[in-house]
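Taking it in order: structure first as structure tokens, then the write-up.
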Amino acid sequence: MKTIIQIRGLVVILILTVVFSLDTYAQGNKATKGPPSWAPAHGYRENTRHIYFPEQNVYYDVQKSVYISLSGNNWQISASLPSIFSGIDLSIAAKVELDLSTDTPQKYNSDHKVKYKGKGKDDQQKDKSNKGKKNKNK
């Protein structure tokens, strides 16, 4: 009788362990993953896909939570800000919200460097250009 109670207890513990493990797995890493510390508390506009930092010439992909930066002649994608920018406080850096529906905003980098050159914190803006968007009128 005592053995049956012990087995039932182990089965209950095993079931609870599996259930809680599946619940944690289903939630993913939402509890540990969030916006970067420099992101505004209110979030971004629905159409904002990338944040461009003109002074650093770096992009942040809001959907994928990655930085896109130029390293030599190649664009690098990383989950954290490249170490060359580690001393920069992005919360006060100039930012431009880009409304581009693309995974590769760096394709337009030559345009961005000209368009947003010299943009300071007081000049922060939202880019409503249609580059990278599908034309609905076709």
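The values are calculated or read from the model by the stated rules, or taken from the named source; none is laboratory data. What you are looking at is a predicted structure, and each value in this text was computed from that prediction instead of being measured. Cβ atoms come from the backbone with ideal geometry, glycine included; neighbour counts cover every protein chain shown.
When residues in the range 45-70 are screened for being more than 16 Å from Asp111 (Cα to Cα), part of a strand (DSSP E or B) and either free of Cβ contacts under 8 Å to residues at least 24 places away in the same chain or outside the structural domain of Gly118 (by TED's automatic domain parsing) (or both), 2 of them pass.
Residues that are in a loop (DSSP other than H, G, I, E, B) and surrounded by 10 or more Cβ atoms within 10 Å (Cβ to Cβ) were ranked within the range 1-39; the one that is modelled with the lowest pLDDT is Gly34.
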